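Undergrad: Here it is: the structure, laid out below.
Bear in mind these aren't lab numbers, they're just calculated from the coordinates by the rules spelled out. None of these values were measured; they are calculated from a predicted model. All Cβ positions, even for glycine, are placed from backbone atoms using ideal geometry, and neighbour counts span all protein chains on display.
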C-alpha cells in the first residue's frame, strides 16, 4: 500500500447505513447490536468521479478498538473522539435508548465524522491499521491484536502516579491540562442547560396545539366567528408541530459541542503521556545521580550516605579490596548504561514535546474554526425559528381579525 | 385628571377600547365615567378587609353632582350584583371576580391578587354603565354616590336574607319544570351556553398553562446566557462570538418577559371574565325557566280547577306578561352579549397574536445583527484559499 495515496483529497469515506443485528457474544449469549456500513470511494484525479472501492460493516466496539490502538501508537497526537456510547444530556422527548432510531442516526453521523477526522489528520491517515479498518472486513480484529498494542499501553496507575509526582513538567502542558478541564466543565454545563431550555420550549409550543383542538370544537356553535376560529386553530396546530424540526436541528448543534467535550479527554491523554515521560526521565536522572554518588563513595572510601552494604560492612567487617573493585566496576557499567538511557530519554522527551505541541497547535486552529462555525450555525437556527414564528402568528392574527 | 374611564392609567389595550365604544346601541356619547383604584387595607378588631376608591364623573341630570368619590369593599359589589339580578332576572349581569382564588394564592391580600381584582371590579362597573338598561338602575346609582352610612341604611331596605333563602329552594324545583317547556330558541341558546362554557374553560386552562411554560422557559434562559460568558474566559479566539451569543440570549429572554406580560394583561383577564360570564349565563337561563314554570304551574292549576278560576286567570294574565317581558329582555340582551363577546374575544386573541409577532421580530433582529457582525469579521480575516483567477 502506498502511503501517499492516502489523504482526504484522494478518498471519500462515508458511514452510509446502520442495521440492527443479532449475534452471539463472547459468552455465547444472544445480543442485539447495530452494525454500520462504511463505504470508501476513490476520487479520480482527472474527472472528479468517484468509484466505490471498499464497503464493509463494522460495529461500535470495532471503532473503539481502532481508537484505542491509535491512542497507544500515537501518544503525541490529539486523537479524534468517538460519538458517545450512551445518550447523555437528553431532554425529555429524546429517548436514552441506544436502539432508538434517532440516536442510531446521530451516532452514524458521529462515526462518519470520526473517520473523516482521522483520514484528514496528516499523521493518522497514513496508519496501516486504519487503512485495513476501511478495507479488510474479516480478521481485522486479529490483525490489530497481533500488533500487541495492549501491552504497549501505559497502565493507568502508572500514569496517575506520574501526575502526582512529576517535578518539572513543561508549563505549557500544565496549562493545557487546566484548559481541557475548563473546556469539559463548561461544555457539560452548557449542554445540560440547553437540554432544559429545549424541554421548556417544547412545552410552550405544544400547549398552543391545544388551542387548535378547542377552537375547532368551539367554531361549531359560532356563526360569524366560526371560520376565523377554525382557521386560526389550524395555524396553532402548525405552530405546535413546528417545534419538532427546530429541536432536531438543535440536536445536531449539541452533537458538535459534544465532540469538543470529548476532545478534552484526548488533550488530557497527551498531557498524561508527557507527564509520564517526564517522570520517567526524572527517575532515571535521579537513579543515575545516586549511582554516581555510590561509585564516588566507594572509590574515595568516604561514606556520605547511608547504605545497607556500608552498615553490614561495619557490623560484619570490611570488605576486601577485590570485592570493592568488583562493585565499582559494576556501578561504572551501570552508570554508563544509565547515561546512554538518560540521553535517549531526553531526546525522546524533547521529540515528544515538539511533535505533541505541533499537533496541539493544529488542534487549536481546528477547534476555533469548528466552534465558531457551530456557534454561528446556532444563530442561523434561531433566525429560522423566528421567521417561522412570525409567519405562523401573522397568519393566525389575520384569522383572528377576520372573526 | 383624565375624564376617560379608559385612560392610559388603566391597562386596557387600545383595540379593546375602540371595541367597547363600538357596541353602544345609542349614538349618544358616554355620559358616565367610572374608575376603580387605590386599594387600601382596613384593620378592625373583627376583621381585615380591602376597600377600593371609586370615582364617578357624569353629566346626567338625575345625579346630584357631576363628580363623586366613594370607597367600597368587595361585599358591597356583591350586594350590588344581587340587587341587579333581583331587578332584572333575565338580563345578563356582568360577572364579578371570584371571592377567593382556589389555587396558587395562599394570602387573600397578595399584591397580584388585589391588582387583578381591582381591574376586574373596574370592568364590572363599566360594563354596567355601558348596559342600556342597567345603567339607569337605582341601586347602581346609590352604589356610586352614597357615603358609607347612606349605603348601609339603603342596604337594609328590601327583601331580607331569609326570604331570599326560601326563594332558592323553591327556585330549583321551578327551574327544573321550566326546562321541559322551554321554547326552541331558548333551547338553542342553552345549547350554545353549555358548549361555550366548556370551551372557554378549556381556553382559560390552556392560556394559564402557556403563561406558566413561558415563565419556566424564561427562567432557564436566564441561566443559559451567562454560561457562554463563562466559556469566553478560556477561549481567546472565540470571545466576541461567545459574548455575542450571550447577549442575544439575554435580549430574547427580556422579549419573552414582555410577551408574558402582554398575555397576562390582555388575554388572561378577558378569557377569565368570559369563564365567569358562562356561569352567569347558566344562572340567567335558570331564572328564565323559573319564571316560565311559575306561569305553567298556574295554568295547570286552572286546568285542574284547583282554586278560584277568576283569581287564577288574573294571575295568569300577569304571569304571561312577566314571561313575555323576561323572554324579550333576555333575547335582546343575548344578542348584545354575543356581539360583545365576539369583539372581546377577537381583540384579545388578535392582541396575543400581535404580541407573539412582536416577540419573534425582536428576537429575529437580535440574532440577525449578531450574525451580521460575525460574518463581517469573517470577511476581514485573510482568506486561506488561493485567489480566484478570472
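Undergrad: For the pair residue A:17/residue A:323, report the inter-label distance in nm, with labels modelled 7 Å from Cα in the Cβ direction.
TA: For the pair residue A:17/residue A:323, the computed spacing is 7.9 nm.
Undergrad: Follow-up question, since we're still on this one. Taking R0 as 56 Å, what FRET efficiency do you get between residue B:185 and residue A:109 from their Cβ-Cβ distance, rounded to the nearest 0.05?
TA: Result of the calculation: an efficiency of 0.30.
Undergrad: So how tilted is helix A:101-119 from the main axis of chain A? Cα-based, degrees 0 to 90, rounded to 10.
TA: 40
Undergrad: Distance in nm between label sites at residue A:120 and residue B:37, each 7 Å beyond Cα in the beta-carbon direction?
TA: Reported label-point gap for residue A:120 and residue B:37 is 6.5 nm.
Undergrad: Find how many whole Å separate the alpha carbon centroid of the stretch B:183-234 from the alpha carbon centroid of the stretch B:298-365.
TA: Going from one Cα centre to the other spans 29 Å.
Undergrad: Something else now. I'd like the FRET efficiency for residue B:136 and residue A:252, computed as 1/(1 + (r/R0)^6) with the beta carbon distance as r and R0 of 51 Å, rounded to 0.05.
TA: That gives a FRET efficiency of 0.15.
Undergrad: Please give, to one decimal in nm, the separation of the simple spin-label points placed at residue B:219 and residue B:87, each 7 Å out from Cα toward the Cβ.
TA: In this crude spin-label approximation the distance works out to 4.8 nm.
Undergrad: As I understand it, the value is the acute angle between the Cα axis of helix A:156-165 and the longest principal axis of the Cα atoms of chain A; what does it come to in degrees, rounded to 10?
TA: Approximately 70 degrees, to the nearest 10.
Undergrad: Here's another thing I want to ask about it. Which order do A:235, B:154, A:252 fall in if you start with the one that has the fewest other Cβ atoms within 10 Å? Kindly include the intermediate steps, with their values, before the conclusion.
TA: Details: A:235 24, B:154 16, A:252 13.
Listed from fewest to most nearby Cβ atoms, that is A:252, B:154, A:235.
Undergrad: What does the structure give for B:246-253 when I average, per residue, the other chain Cβ atoms found within 10 Å of the residue Cβ?
TA: Numbers: counts 0, 0, 3, 2, 0, 0, 2, 0.
Neighbouring Cβ atoms belonging to other protein chains average 1 per residue here.
Undergrad: Let me ask another. Quick one: Kirkwood hydrodynamic radius for chain A, alpha-carbon pairs, angstrom, one decimal?
TA: 26.7
Undergrad: Working out 0.36 nm times the residue gap between residue A:337 and residue A:30, then minus their Cα-Cα distance, what length gain in nm do you get to one decimal? Numbers along the way, then the final one.
TA: Values: separation 307, 0.36 × 307 = 110.52 nm, distance 5.49 nm.
Going from the current span to full extension adds 105.0 nm.
Undergrad: OK, next. Residue A:217 to residue A:188: extension gain in nm, 0.36 nm per residue of separation minus the Cα-Cα distance? Could you put the intermediate results ahead of the total?
TA: Details: separation 29, 0.36 × 29 = 10.44 nm, distance 4.53 nm.
Between residue A:217 and residue A:188, full extension yields an extra 5.9 nm.
Undergrad: Given a Förster radius of 56 Å and the C-beta distance between residue A:299 and residue A:178 as r, what FRET efficiency does 1/(1 + (r/R0)^6) yield to the nearest 0.05?
TA: 0.75
Undergrad: If I stretch the segment between residue A:330 and residue A:224 completely, what's the gain in nm (0.36 nm per residue apart, minus their alpha carbon distance), one decimal?
TA: Gain on stretching residue A:330 to residue A:224: 27.2 nm.
Undergrad: Provide the packing ranking of B:71-81, A:194-204, i.e. peptides ordered by the mean count of other C-beta atoms within 10 Å per residue, highest first.
TA: A:194-204, B:71-81
Undergrad: I'd like to compare B:43-53, B:212-222: which one has the highest average count of other Cβ atoms within 10 Å, and what's the full order after that? If you can, show how the numbers build up before the last one.
TA: Numbers: B:43-53: 11.6, B:212-222: 18.2.
Averaged packing, sorted descending, gives the order B:212-222, B:43-53.
Undergrad: Taking each residue of A:397-403 in turn, how many C-beta atoms of other protein chains fall within 10 Å of its C-beta, and what is the average? Working shown, then result.
TA: Values: counts 9, 2, 3, 10, 7, 2, 7.
Per-residue shielding by partner chains comes out at 6.
Undergrad: Per DSSP H run of n ≥ 4, the term is -39500 (n - 2.57); total these for chain A, divide by its residue number, and report the mean residue ellipticity at 222 nm rounded to 500 deg cm²/dmol.
TA: Taken over chain A, the calculation gives -24500 deg cm²/dmol.
Undergrad: Just to be sure I understand: with springs between alpha-carbon atoms less than 10 Å apart, which residue in A:359, A:102, A:227 has the highest mean-square fluctuation in the Gaussian network model of chain A?
TA: Top of the fluctuation ranking is A:227.
Undergrad: Report, to one decimal in Å, the Kirkwood hydrodynamic radius for the protein assembly as shown based on all distinct Cα pairs.
TA: Working: mean 1/r = 0.0288 Å⁻¹.
Across the protein assembly as shown, the inverse of the average 1/r is 34.7 Å.
Undergrad: Tilt of helix A:226-300 relative to the longest C-alpha principal axis of chain A, in degrees (0 to 90, nearest 10)?
TA: Helix A:226-300 sits at roughly 0 degrees to that axis.
Undergrad: In peptide A:382-393, how many Cβ atoms from other protein chains are near each Cβ within 10 Å, on average? Don't skip to the end; give the middle numbers.
TA: Numbers: counts 11, 8, 2, 4, 11, 4, 1, 7, 8, 2, 4, 10.
Rounded to a whole number, the mean comes out at 6.
Undergrad: Another question about this same structure. Only Cα pairs within less than 10 Å get springs; with that Gaussian network setup on chain A, which residue of A:229, A:124, A:115 has the largest fluctuation?
TA: Maximum fluctuation in the GNM of chain A, among the listed residues, is at A:229.
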